[in-house]
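S.K.: First, the structure itself, so that you have it in front of you.
Read the figures in this text as sums done on the coordinates, not as results from a lab. Everything numeric in this text was worked out from a predicted model, so none of it was measured. Because the Cβ atoms are built from the backbone with ideal geometry, glycine has one as well, and the counts that use them run over all protein chains shown.
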Amino acid sequence: MSAFLALVSASFRREAHHRSQMMMRIVGTLIEILARISIWHAVYAGRGAVDGISIGQMIVYALIGGTLLSSWDATMIVRDIGTTIRTGAIGSSLLRPASYPMMLMAEQLGTRLFDWLFISVPVIVIMGLIYGLQPPASLPHCLLFIGYLAVSVVIVMLTAMLVGLFSFWVFDAHSLEWFMRGLLAVLSGGLVPIWFFPGGLAEVARALPFSWITYHPMAVYLGQHDLFWSVQHLLIGLGWVAALALAVVVVWSRACRQVVVQGG
Amino acid sequence: MAAIISAEGVGKVFQQRVSQPGILGAIRSFVAPVTRPVHAVADITFSIAAGEAVGYLGPNGAGKSTMIKMLTGILTPSVGEVTVLGRKPQQERVANARDIGVVFGQRTQLWWDLPLSDSFELHRRLYRVPDALFSKNRAALSDMMELTSFIERPVRHLSLGQRMRAEIAMALMHDPKILFLDEPTIGLDVVAKDVVRKFLSRINRERGTTIILTTHDLQDIEEICPRLIMVDEGRLLFDGTLPALRKSFGARRRLTLEFSGDPGEVRLVGARPSGGEGLLREFLLEDDGRSLVQLLAALEASSDVRDVRLHEPSIEEVIRTHYQSKGSAPAPVTGRPAVPA
Ligand SMILES: Nc1ncnc2c1ncn2[C@@H]1O[C@H](COP(=O)(O)OP(=O)(O)OP(=O)(O)O)[C@@H](O)[C@H]1O
Ligand SMILES: [Mg+2]
C-alpha cells in the first residue's frame, strides 16, 4: 500500500513539473465546455425544460461531465501504455517488484488527481461564476456522487488499461485508441446524456459499464433517482469495477507471456 | 560454492517483421505480415557462483542485452532454462526483482522530472527497504558515488555521468544479492568510467555482491571481472579467465626492442619478427611464459638494447585474432584505433 501511495504521489508531483502546459489545458477545456454549453443553449432555444431536464441542469451536466467525469483520459492512458510497450520503456517497470497493473493504476491515479485539482476545479469555478452552478440534489445525493466519482475514474482507467494491454498483440494501438474514443464518448453519455438516446439504444447504454463514467454519476448528482436506486446502482458500478479489474488481471497474465521488451 | 545463477541450453528467438518495398508491399505485410526468426541467443549454458564478477562480452547484436533481460525476468527464454537464486525469473518476477539490482545503461530507472532524492525514496517504498538500512545505504552510496552535490536536482538536469552514478547507487539501495549491469559505462568519459569501475569492484569485494555486466569497453572487464563470458551471434564462444582467453584464442605478447645502433639482423628463438625498422624491432612471442630477462638472454643482435617494451595483448587484440581466424571481419569492437599489424 505504501508503494502504491508513493507511486501516486510521485506521478502527481511529476505532473506538477509540466506547469507550462497547465494554462493551455485550462484554456482548452474552457473552450470545449463553452462550446458544449452553447450547443445546449441552441438546442433548448429558450424552452425551460426538455424531457423534464432544465437548461440549468444541462449546464452542470456539460460542466462536470466534461471535466471530472470525462472519458477523454482513457485515450491518453491507452496512448501511454502503447508508447511504453513500443519503446520498450515497459522494461523499467517490469524490473520493479510490484504488479504491473497496480503500478499503472497508481501512476494514472496520480496524474488524474493532479488534473482534477489544477484543471477541472479551476474550470468548474470559472464557468460556475459565469453560468451559475446548480448544487447536488441533496446532501445524501452529494455523498453518493463522490462514490460515483471514484467508480467513474476507476472504470475509465480499467477500460483504458484493458484496451492498452492489447498493444501486446496488436502492435499498433492507434486503431484501438480511435475505436475506444468514439465508443466511450457515446456510451458514457459524455457527449449527449443517455436520457436523450432513442429507446433501445438507451436501454443498452444504461446497462453497460461505460454509463458509470459520466451518465449515472450526473443523474445522481441532479437527483434523477431516489436514494435507494442510487445506492443500488453504486453497488452495480462497483461490481463492474471488480469485473473489469479481473479482466485486466487475466489479460495481463496472458500478455506477460507475450512480452517482448524492445531495444537496449 | 553453489551456483546462484545458471543458464541451461538457453535460447531466445525473436520474430522480426520483414518490411516489403512499395505500397503493395506495405499492404501485403499489413494483411499477412512476413516474419523472420532471429536467434538472438542460442544454446547458452553457464553457471555463476555467489560473489563472482563476470563480464559478458560480445560485439553488437551478440545477444547480451537479451540474456540480461531473461535473467532479470522481463523476457522468457524460448528454449532452455534460466535460474536466478533458485527461481525462474519470469515466473517469479516480483520476488526475483526484490533480490536483484539492475542497471540498463541505455535506459533510466530514475524519475526524469523529479529530484534524484525522490527516486531513491520511491525505490525505498517499492522495495520495502527498512528505514535503518535505507539511511545507511543512502549515506554510504551517496558518499562513494559523490551524489550529494546534486541529489536534490531533477534527474533531467544531470549529466550522463552523474545520472549513471545515481542509477548504480539506486540499484544497490536494497542490498541486492546480484547486480546486473547492461553497458554501465556507455557514453562516460575516462574519469567517470574510472569512478564506476572502482566502485563496482569495491562493491563486489566488500559486500560480496555478485556482478554481471555487459560491455563493449574491454577495460571494464579487465578491471572488474576476473571471469568473462564471450558470446557472438547468440552463441557462447568462451567462458573463463582473461589469461585463459588469451591462451585459447592465441593472441601473442608483443616485444618491442630499441637498439642503440643499427642491429643488423636480429634473431630471437621462439619469436617471430613482426616489423620495425631503423633502430626498432618488433617480435610476436610464443605463448611460452618466458620472462623478460630470459627473452633478452636469448636475443642475438649486433648492437646493444637501449629500451625494451613487452605488450600484453589487450582483449581487443585477442578478440580480433579470434575473428580473423574465423575469417569474418566484424566491426571494430571499440572506438580505439586498430593496433598496427
Ligand atoms: N524485440 C526484438 N525483436 C526482434 N529482434 C530483436 C529484439 N531484440 C533484439 N533483437 C535481435 O536480437 C539480436 C540480439 O540483440 P541484443 O540486444 O541482445 O544484442 P546486444 O548483444 O545487446 O547488442 P548491443 O551490443 O548492440 O547492445 C539482434 O540481432 C537484435 O536485432
Ligand atoms: Mg545491448
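S.K.: Quickly work out the A:ALA35-to-A:GLN258 label distance, labels modelled 7 Å from Cα along the C-beta direction, and quote it in nm with one decimal.
M.R.: Each label point lies 7 Å from its Cα, and together they span 3.4 nm.
S.K.: Moving to a separate point now. For B:LYS64, list the lysines whose Cα falls under 22 Å from its own Cα; do not include residues on the same chain fewer than 8 positions away.
M.R.: B:LYS12, B:LYS88, B:LYS177, B:LYS193, B:LYS326
S.K.: Kyte-Doolittle mean at least -0.5 and Cα extent at least 18 Å along the axis: which DSSP H helices of chain B qualify?
M.R.: Working: long enough: B:131-144 (19 Å, -0.20); B:190-206 (24 Å, -0.17).
Result, helices passing both filters: B:131-144, B:190-206.
S.K.: Here's another thing I want to ask about it. Considering only DSSP beta bridges with both partners in chain B, what is the antiparallel share in %, to the nearest 5? Walk me through the numbers before you get to the answer.
M.R.: Numbers: 42 of 61 bridges.
Roughly 70 percent of the DSSP beta bridges within chain B come out antiparallel.
S.K.: Which of B:GLY55, B:GLY161, B:GLY11 moves the most in a Gaussian network model of chain B with Cα springs under 10 Å?
M.R.: Top of the fluctuation ranking is B:GLY161.
S.K.: Continuing with this model, one more query. Which whole-angstrom value gives the distance between the alpha carbon centres of the range A:196-240 and the range B:1-25?
M.R.: Taking the Cα centre of the range B:1-25 as reference, the centre of the range A:196-240 is 48 Å away.
S.K.: Students often check this: by mean Cβ neighbours within 10 Å, which of A:104-115, B:69-80 ranks highest, and how do the rest follow? The partial results should precede the final answer.
M.R.: Numbers: A:104-115: 20.5, B:69-80: 22.8.
In descending order of packing, they fall as B:69-80, A:104-115.
S.K.: Rounded to the nearest 500 deg cm²/dmol, what is the calculated helix-only ellipticity per residue at 222 nm for chain B, with -39500 (n - 2.57) per DSSP H run of length n ≥ 4? Each step should come with its number before you reach the end.
M.R.: Working: 11 runs with 112 residues, N = 341.
So the calculated ellipticity at 222 nm is -9500 deg cm²/dmol.
S.K.: Next up: Take the Cβ-Cβ distance between B:GLU277 and B:LYS198 as r, set R0 to 51 Å, and report the resulting FRET efficiency rounded to the nearest 0.05.
M.R.: Working: r = 41 Å, r/R0 = 0.79.
Calculated value: 0.80.
S.K.: Taking the inverse of the average 1/r across all pairs of different Cα atoms in the range B:252-312, what Kirkwood radius in Å do you get? All intermediate terms of the calculation are to be shown ahead of the outcome.
M.R.: Values: mean 1/r = 0.0877 Å⁻¹.
About 11.4 Å for the range B:252-312.
S.K.: Among B:223-229, A:155-161, B:18-24, what's the highest-first ranking by average C-beta atoms within 10 angstrom per residue?
M.R.: On the way: B:223-229: 21.1, A:155-161: 25.0, B:18-24: 9.7.
Ranked from most to least packed, the peptides come out as A:155-161, B:223-229, B:18-24.
S.K.: I've got another one for you. Explain nothing, just compute: Karplus ³J(HN,Hα) = 6.51 cos²θ - 1.76 cosθ + 1.60, θ = phi - 60°, for every residue of the range A:113-127 in order, whole Hz, x for Gly and Pro.
M.R.: Each residue's phi maps through the Karplus curve to give 4, 4, 4, 4, 5, 10, 10, 4, 4, x, 4, 4, 5, 4, 5 Hz.
S.K.: For chain A, what does -39500 (n - 2.57) per DSSP helix run (n ≥ 4), summed and divided by total residues, give at 222 nm, in deg cm²/dmol to the nearest 500? Please list the in-between numbers first.
M.R.: Values: 12 runs with 187 residues, N = 264.
It lands at -23500 deg cm²/dmol.
S.K.: Go through the range B:219-236 residue by residue and turn each phi into a ³J(HN,Hα) via Karplus (6.51, -1.76, 1.60, θ = phi - 60°); whole Hz please, and just put x for glycine and proline.
M.R.: 5, 3, 6, 4, 8, 10, 10, x, 10, 9, 10, 10, 10, 8, 6, x, 9, 7
S.K.: Would you please give the residues with an amide H less than 5 Å from that of A:GLN134, counting only those at least 5 places away or on a separate chain, with H modeled from the backbone geometry?
M.R.: Placed amide hydrogens put A:VAL60 under 5 Å from A:GLN134.
S.K.: Which residues in the range B:69-88 place their backbone N less than 13 Å from a point set 7 Å from the Cα of B:ALA50 along the Cα-to-Cβ direction?
M.R.: B:85-86
S.K.: Take B:VAL190 and B:VAL269, extend 7 Å from each Cα along the Cα→Cβ direction, and tell me the distance between the two endpoints in nm.
M.R.: 4.1 nm
S.K.: Subtract the Cα-Cα distance of B:ALA2 and B:GLN106 from 0.36 nm times their separation in residues, and report this length gain in nm to one decimal.
M.R.: Working: separation 104, 0.36 × 104 = 37.44 nm, distance 3.19 nm.
Between B:ALA2 and B:GLN106, full extension yields an extra 34.3 nm.
S.K.: Here's a follow-up. Just tell me how shielded B:87-96 is by partners: mean number of partner chain Cβ atoms within 10 Å of each residue's Cβ, no decimals. Walk me through the numbers on the way to the answer.
M.R.: On the way: counts 0, 0, 0, 4, 1, 0, 9, 6, 1, 2.
Whole-number average of other-chain Cβ neighbours for B:87-96 is 2.
S.K.: Turning to a different aspect of this structure: Explain nothing, just compute: Karplus ³J(HN,Hα) = 6.51 cos²θ - 1.76 cosθ + 1.60, θ = phi - 60°, for every residue of the range A:27-43 in order, whole Hz, x for Gly and Pro.
M.R.: So the Karplus estimates, Gly and Pro as x, are 4, x, 5, 4, 4, 4, 5, 4, 4, 4, 5, 4, 4, 5, 4, 5, 4 Hz.
S.K.: Give the calculated FRET efficiency between B:LEU24 and B:ALA132 to the nearest 0.05, with a Förster radius of 51 Å applied to their Cβ-Cβ distance. It would help to have the intermediate numbers written out before the result.
M.R.: Values: r = 66 Å, r/R0 = 1.30.
FRET efficiency, B:LEU24 to B:ALA132: 0.15.
S.K.: On to the next question. Using a Gaussian network model of chain A with C-alpha springs under 10 Å, which one of A:HIS41, A:HIS174, A:HIS17 is most mobile by mean-square fluctuation?
M.R.: Between A:HIS41, A:HIS174, A:HIS17, it is A:HIS17 that shows the largest mean-square fluctuation.
S.K.: At a Förster radius of 25 Å, what calculated FRET efficiency corresponds to the Cβ-Cβ distance of B:GLN16 and A:VAL249, to the nearest 0.05?
M.R.: Efficiency, rounded to the nearest 0.05: 0.25.
S.K.: Moving on. Quickly work out the A:PHE196-to-A:MET22 label distance, labels modelled 7 Å from Cα along the C-beta direction, and quote it in nm with one decimal.
M.R.: Between A:MET22 and A:PHE196, the simple spin-label model gives 3.3 nm.
S.K.: Just to check, using Stokes-Einstein with a Kirkwood Rh over alpha carbon pairs, what's the diffusion coefficient of the protein assembly as shown at 37 °C and 0.692 mPa s in µm²/s? Don't jump to the answer; show the numbers that get you there.
M.R.: Values: Rh = 28.6 Å.
Stokes-Einstein gives a translational diffusion coefficient of 115 µm²/s.
S.K.: Pick from B:PHE120, B:PHE14, B:PHE199 the residue whose mean-square fluctuation is largest in a GNM of chain B, springs joining Cα atoms under 10 Å.
M.R.: For chain B, modelled as a Gaussian network with Cα springs under 10 Å, the answer is B:PHE14.
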